[in-house]
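The values are calculated or read from the model by the stated rules, or taken from the named source; none is laboratory data. The structure displayed is predicted, hence computed values, not measured ones. As a convention, Cβ positions derive from the backbone with ideal geometry for all residues, glycine included, and neighbour counts pool all protein chains shown. Accessible surface areas use protein heavy atoms only, side chains included; no ligands, DNA or RNA. Shrake-Rupley method; radii C 1.70, N 1.55, O 1.52, S 1.80 Å.
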Amino acid sequence: MVLRFIHFLLIFVVVGVSGLGFLAGIMEEKLPQLGIAGPLLPVIVLAVLLWVFSSFVWKRREDAREKEFHKKVEEIRGKILSETMARIRSSQDTDKKQGDQPATGSFRIDSSSADTVVLFNKESGSEVNEQLSYMLYFMSYNFKAYSAAAFIYDPARRTLTLNCYHSRSMHILQNVQIPFGAGVVGRVASENKLFMSGDLSFYASGANEPTYYSHQESISSVLAVPVTASGNELLGVLLIDSKDKNAFREQDKELMKRFSTIASALIVNIRMSANLEQAARTFRLFYEASHKFSVALKTDDIFTALFNIVPHVTVSCVRMVTIIHDNTKNCFRIQRIAGQKYELAEGMEIPLNPGIYSYAFTKSQAVNIADFQAQGNSRYYRFAPNEPSNPAVRSLIVFPIMGGEDRRCVGLFSVESGEPNIFKEHIEQILTTVIENASVAITRSLLYLKMEKLATTDGLTGLNNHRTFQEAMAREFERARRYDRPLSVLLTDIDHFKLFNDTYGHPVGDIVLREVANCIRKAVRLNDIPARYGGEEFAVIIPESDEQGAAIIAERIRSSVEQCVIVNDGKELRVTISIGCASFPPHACSQQDLIDCADKALYASKRAGRNRVSIYNTEMTMT
């Protein structure tokens, strides 16, 4: 490098001397006419040559510095993009590994990925903040700026938030929010074009004063450029300022545009990364929901799974409510409440009306209320026109629950929040998908319950069938034997039922069986187990009761059947029943012995004239 410079200098001297001789020949004739002495000629020529040489060297030096500057900018841009993409790939690999396993519930989908301000405040935006800060430091150093700052645009609030900066001032306002269109930053954002001024005092007072300082700073020069994505979407503003007048040159505009491109790539990439992360979280949520719904065979288990999943989708969830439609009463019944109950209670029955919940049920479509308090309770209500007000309910969304083979609305599921406008479009879509999966699970649950009922109940009377009776009997007998507790059994038989069938026909006989079953169902206690034993015989398992207590229940059944009037074709028909009672441990020491003893007591009632209750004793036989 030094040899090249010496070689260049020698060539310049030779050329200069030659030029000096040539100019001397010309100037000898001209200079006397100008009144310049001959000895001054070499000095003048040498000064001119030195000026040309220094200008050339300075130009080469400036070109080299600018080239190095552009190279540094491209290095920064390449480094930022490569690190960002590496982070995205790493995030994808991590999410892929996590997606292969059931979700643990330690995640939340609670904000839009387009909310750039929120993204920079999250942990995932810390690396990008560092890269932006490094870029601002580089800008401040190369432009010799007093301050360099990056503002992020928040379209929801229409403000620009100071995200990071590098400044020699101690009075920068941390996280200051500048309204859209206000000051230099706001105007650059609203007009979406570059702004440069070498003297802010030329503008109207306050029109373009910097609003990101807490104290008055004598800022004269400002250069600000908008940061935009594809489609001219505004992302933010980059700004440099100086206390010197005319501190920035025209060529600095192009450099600022390059920095704007780098900042745009940073913001777009972090949003892309956030979108990928949210998609992975959503997939994990759906996987967890699908897994929980697939193993739930009862509606209560499905509702429990819903209550566990929904809080991971939305923030500020103060209450969730599941409501079942009662077909017999044509009303709603609140099945489950998770969260603050306030004016609601489980088991509460609500009639159908023009309210919000009834609308969601009749139309079988979701209802999303951004701010329930702003609707006016006099016109819009949830359950009843004069219902108690609850100021804690702001956002409200109600989903229909579809179930059954005909896919009709069988209930409702609602989520309430104490903050307005929580259930935005992407949150509603996720909740809709979860509820649809729950509806499929409920349809499967209803079919399962139907099959279970067919397998365990008698189709004619609705009581437990013989197999279910034997299973329950084995379970209760083992419990009574282990804990030394009393257990009683009743066996009943409709008196002269064969003659009744022959006289009135089997259809009327079926009516009689159903009415007798209803009398037994109403007469027994809640924990007693009635069943159709076979034909016209019925049985009742009575836990925690000795023979005297069982006899009281048996007499209540006998009396209820005796007083029952069956109307058929204008005729009033009546039947009676005979009942046998046996208890453990006094009468039997095994399950089958207990049933046999009750059967012997039943035969004793028939031999004694029917329509009576008999308690087993050892003298009773089957003959």
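The number of residues in segment 489-512 that are without any contact (Cβ under 8 Å) to a residue 60 or more places away in the chain and either open to solvent by less than 20 Å² (accessible area, probe 1.4 Å) or outside any helix (DSSP H, G or I) (or both) comes to 2. When the criteria are applied in full, GLU515 fails the requirement of being open to solvent by 40 Å² or more (accessible area, probe 1.4 Å) and over 23 Å from VAL561 (Cβ atoms).
Here is a yes/no grid of residues against (1) in contact with a strand residue (DSSP E or B) (Cβ under 7 Å, 6 or more places away or on another chain); (2) charged (D, E, K, R); (3) more than 17 Å from LYS243 (Cα to Cα):
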| position | (1), (2), (3) |
| --- | --- |
| ARG157 | no, yes, yes |
| HIS171 | yes, no, no |
| THR211 | yes, no, no |
| SER218 | no, no, no |
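Once segment 313-355 is narrowed to residues that are in a loop (DSSP other than H, G, I, E, B) and in contact with a Leu (Cβ under 8 Å, 6 or more places away or on another chain), the residue that is modelled with the highest pLDDT is ASN330. Is it the case that segment 422-430 has a residue that's part of a loop (DSSP other than H, G, I, E, B) and over 51 Å from the mean Cα position of the chain (by Cα)? Among the residues of segment 422-430, not one is part of a loop (DSSP other than H, G, I, E, B) and over 51 Å from the mean Cα position of the chain (by Cα), which makes the answer no.
Going through (1) open to solvent by less than 20 Å² (accessible area, probe 1.4 Å); (2) under 30 Å from SER230 (Cβ atoms); (3) under 14 Å from the mean Cα position of the chain (by Cα); (4) not aromatic (Phe, Trp, Tyr) one by one, ILE267 falls short only on (3). Every listed requirement among (1) part of a loop (DSSP other than H, G, I, E, B); (2) crowded, with 24+ Cβ neighbours inside 10 Å is met by GLY609 save one, (2). Counting the residues of segment 424-482 that are open to solvent by less than 50 Å² (accessible area, probe 1.4 Å), more than 30 Å from ASP546 (Cα to Cα) and free of Cβ contacts under 8 Å to residues at least 24 places away in the same chain gives 1. Kindly establish whether GLU349 is exposed (fewer than 15 other Cβ atoms within 10 Å of the Cβ), farther than 24 Å from GLN429 by Cα and out of contact with any strand residue (DSSP E or B) (no Cβ under 7 Å at 6 or more places or on another chain). So GLU349 does not fit the description; no.
Residue by residue, here is whether (1) in a strand (DSSP E or B); (2) in contact with a helix residue (DSSP H, G or I) (Cβ under 7 Å, 6 or more places away or on another chain); (3) in contact (Cβ under 8 Å) with a residue 24 or more places away in the chain holds:
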| residue | (1), (2), (3) |
| --- | --- |
| GLY181 | no, yes, no |
| THR211 | no, yes, yes |
| ILE219 | no, yes, yes |
| THR228 | yes, yes, yes |
| LEU235 | yes, yes, yes |
| LEU238 | yes, yes, yes |
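Failed condition for MET170, given (1) in a strand (DSSP E or B); (2) modelled with pLDDT of 85 or more, with all others met? Condition not satisfied by MET170: (1).
Of the residues making up segment 230-263, those that are among the small types (Gly, Ala, Ser) and modelled with pLDDT of 85 or more are GLY236, SER242, ALA247, SER260. Taking the conditions exactly as written (part of a helix (DSSP H, G or I) and open to solvent by 50 Å² or more (accessible area, probe 1.4 Å)), does GLU419 satisfy them or not? Criteria not met by GLU419.
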